[in-house]
1. In sequence order, what are the phi-derived ³J(HN,Hα) couplings for region A:237-247 according to the Karplus relation 6.51 cos²θ - 1.76 cosθ + 1.60 with θ = phi - 60°, rounded to whole Hz, with x for glycine and proline?
2. With no solvent and one equal point scatterer per Cα, compute the Debye intensity ratio I(q)/I(0) for region A:52-185 at 0.17, 0.18 Å⁻¹ and report its log10, rounded to two decimals.
3. Show log10 I(q)/I(0) for the protein assembly as shown at q = 0.10 Å⁻¹, two decimals, from a solvent-free Debye sum over equal Cα scatterers.
4. Percent relative contact order of chain A, based on C-alpha pairs within less than 8 angstrom and at least six residues apart?
5. When Rg is the radius of gyration of the Cα atoms in region B:164-315 and Rh is its Kirkwood radius, what does Rg/Rh come to?
6. Tell me the relative contact order for chain B as a rounded percent, counting alpha carbon contacts under 8 Å between residues six or more apart.
7. Roughly how many debye, to the nearest 20, is the charge dipole of region A:237-358 about its Cα centre, given +1 on each Lys and Arg Cβ, -1 on each Asp and Glu Cβ, and no other charges?
8. I'd like to check one number: the per residue accessible area of region B:1-78, probe 1.4 Å, reported in Å² as a whole number.
Amino acid sequence: MLELDRVTLPEASEALRAQVRAFLAEHPEHLAEPNSDFTTGHDPAFSRKLGERGWIGMTWPAAYGGGERSFFDRYVVTEELLAAGAPVSAHWIADRQSGPLLLRFGTEAQKQAYLPPITRGEAYFSIGMSEPNTGSDLASVRTSAKQVDGGWVINGAKIWTTDAHRNHFLIALVRTAPPEGKNRHVGLSQIIVDLRNDGAKVRPIRNMAGGEDFNEIVFEDVLVPEDRVVGEPGNGWKQVTSELSFERSGPERFLSAFRVLVEFVRMVGADPAPHEAAVIGRIAAHLMTLRRMSASVAGMLNDGKQVDVEAALVKELGNNFEKWLPELTRLAAPADRDARRAWRTAYEQTQLLSPSFTLRGGTREILRGVIARGLGLR
Amino acid sequence: MNEQTNIIVDTATRMFADGVDKALLDAAETGVFPVALWQSVLATGFHSVGSPDSGTGLGELYAFLDVAGASAVPLPLADTLFANAWAGTIDGVSGIGEVAGETIVDVPWGRVAERVIGVVPGSAEIVVVDAVTVLAEGANMAGEPRDTVALPADARRISLARDPLPLLALARAAQSIGALRTVLQSALGYAGEREQFGRTLSNFQAIQHSLAVQAAEVAAARRAVWAAVDSLETDRAEHEVAVAKARVGEAASLVCEAAHQVFGAIGYTHEHRLHHFTRRAWAWREEYGNETFWQQQLGLHIARTGADNVWSFVTGR
Ligand SMILES: Cc1cc2nc3c(=O)[nH]c(=O)nc-3n(C[C@H](O)[C@H](O)[C@H](O)COP(=O)(O)OP(=O)(O)OC[C@H]3O[C@@H](n4cnc5c(N)ncnc54)[C@H](O)[C@@H]3O)c2cc1C
């Protein structure tokens with residue numbers, strides 16, 4: 001794991017890059033607020049357009065609406081969308097992790113029901129892992145589902161659920177049986193909740209950047225049908241941990257602050273001072289290296305390999321990079337107020353979002369623990 | 001890596017593991033040239049890896065330098081390999097330095113070199129000195145000889161197909177990722193053995209996290225170097241080298257600092273092997289352009305390319 005594969009993106013994926021750029025150039029109306037954080041733009045119309053293009057569920061089987069394309073193709077499409085600041089939040093989780101989860105563990109009926117609308121950019125999913133008393137220690141979830149006649153009854157609460165107020169479905173990690181002694185990993189299950197029809201109460205929580213992206217969800221005797229359990233009841237821990245590795249290595253883990261670099265380059269112009277040039281070069285050297293690393297992980301996914309440790313490496317480096325990128329530009333920014341305007345907007349937006357970078361998707365400390373395990377230290 | 005590279009890497013790894021020990025490294029720092037080690041390099045033909053008629057290319061050359069760096073091999077291998085590739089293979093060692101007036105400075109092992117090549121930053125023309133006169137002996141912070149030799153007016157001049165500076169910078173980066181890999185592996189090994197408070201250091205979360213961060217840096221540095229090597233035949237080569245040299249330098253700073261912390265006082269002793277690797281990684285940051293130098297080159301190019309083309313530059317091939 002100290003050595004990531006020496007992957008070069010295939011020609012076919014590079015050809016796709018030009019198509020994505022052309023598509024984005026044709027749809028400037030969706031790029032009104034340039035920001036490359038993957039959670040800030042929720043735009044169903046845009047997601048449907050991507051679906052029409054075949055750019056959602058790209059690696060999935062055609063039988064479920066997928067494109068049967070490589071992970072490299074998906075890598076290229078996602079990084080192009082993010083770098084342009086495209087509003088990808090609506091379909092993002094469904095495409096990145098809920099779909100692959102259902103594909104791997106879901107029942108045949110679930111795959112047929114949920115996957116095709118995801119690929120069309122019509123069905124959006126949220127992740128229901130965290131709870132008021134469950135953060136990093138995911139196995140401590142208390143939200144429970146009890147089997148009754150005709151389904152499962154859910155009680156408890158989820159929190160920090162990104163886009164639950166705008167999305168259609170939630171995949172909730174719940175306890176369906178008690179732990180066996182000290183083993184808390186047994187008795188956990190994943191259940192699909194229809195956020196619009198099942199009666200779960202969703203309340204947006206305002207974040208410090210002023211956005212209302214994440215939510216609290218309260219379940220009071222919420223009844224869902226039998227067939228909503230993803231795969232087998234009791235298999236939740238295995239499923240949720242496999243899902244997490246999809247979540248960690250993509251370009252959204254190092255591109256959140258990219259627009260700040262672009263505006264910094266615009267601000268300093270074609271004849272930068274030496275220290276300004278050095279800041280640009282430093283950022284670019286990290287960014288270009290992270291891209292290679294992320295593409296290496298895409299290659300491993302393509303080969304069906306286990307990627308949890310490698311994905312954690314990319315997220316660890318990428319999130320730190322996203323955090324210090326704005327800071328480096330701030331310290332090098334020239335004093336001229338007029339010249340600073342566009343950079344400052346991008347900088348301030350990103351700086352306000354930045355505390356979340358090393359929290360969402362597993363905190364920095366948890367990821368370092370994953371890497372340490374990969375190193376044989378624990 | 002292809003089959004041939006694998007063979008070179010495996011053979012060289014074994015050869016350097018057997019041939020480079022602490023005593024040899026210490027002796028080299030007092031100016032004793034490791035003759036036997038050099039003889040085994042010659043015997044295997046490794047001195048011509050990357051030369052036109054050797055059947056090997058730059059890919060093999062850089063893979064070999066990574067291995068050499070991992071053992072802190074105290075020979076001017078990068079110099080010798082490039083000199084042989086550019087000016088014809090000879091049986092002695094060569095040194096490469098920078099032209100400064102009527103001298104060539106910072107020549108590794110100039111004192112024993114049978115040939116010295118001078119490079120001029122920004123120029124593809126090199127000067128070749130076949131009869132070497134050493135004017136002054138010196139060393140970098142790793143105790144590697146860095147000498148000043150005379151540049152006679154009638155020195156041969158050769159025009160290369162490309163500016164040699166990026167190739168040499170990448171050589172130091174390749175040596176560095178080898179050294180950093182060794183530093184990390186040593187720190188991992190030590191953390192697993194050393195006990196305090198009744199447990200090995202590897203049980204402490206602070207130590208685990210430090211090693212995780214070091215591992216991430218080493219992985220990034222290594223990926224950056226191979227990306228640059230893979231780009232050498234494209235018109236982006238110089239930019240990719242800039243990325244690699246700058247990124248590796250940053251990794252070196254972080255990894256060496258953190259690894260020394262894991263080792264405690266023992267790693268600070270002269271008797272310990274660690275400093276042979278960390279001092280090299282520190283010293284090599286400065287040779288053929290440090291992080292700031294390459295960041296500025298890269299940043300200037302991007303600034304001239306323009307804000308709306310940053311992304312197409314970053315994704316270019
Ligand atoms: C913007 C945003 C969006 C999110 N979206 C979602 C979502 O859609 N769905 C969802 O389920 N969750 C979501 N989360 C929640 C996220 O997964 C959690 O924030 C994360 O898992 C950490 O949990 P916590 O916030 O409760 O912090 P805690 O787990 O309480 O941790 C607090 C601090 O202690 C550290 N810590 C905890 N345990 C250890 C340990 N063993 N060793 C060392 N340090 C430790 C942590 O690293 C952290 O620094 C989101 C979070 C954010 C910020």
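1. 5, 4, 5, 5, 6, 5, 4, 5, 6, 5, 7
2. Debye output, listed in q order: -0.99, -1.07.
3. With no solvent term, the Cα-only Debye profile gives -0.98.
4. For chain A, the relative contact order is 17 percent.
5. The Rg/Rh ratio comes out at 1.07.
6. Result for chain B is 15 percent.
7. On the way: 16 positive and 15 negative charges, 19 e Å.
Magnitude of the dipole: close to 100 debye.
8. Values: 3090 Å² over 78 residues.
Value returned for region B:1-78: 40 Å² of accessible area per residue.
The values are calculated or read from the model by the stated rules, or taken from the named source; none is laboratory data. Every value quoted in this text rests on a predicted model; they were computed, and no experiment measured them. Cβ: placed from backbone, ideal geometry, glycine included. Neighbour counts: every protein chain shown. Areas reflect the complete protein model, heavy atoms only, side chains present, ligands, DNA and RNA absent. Shrake-Rupley method; radii C 1.70, N 1.55, O 1.52, S 1.80 Å.
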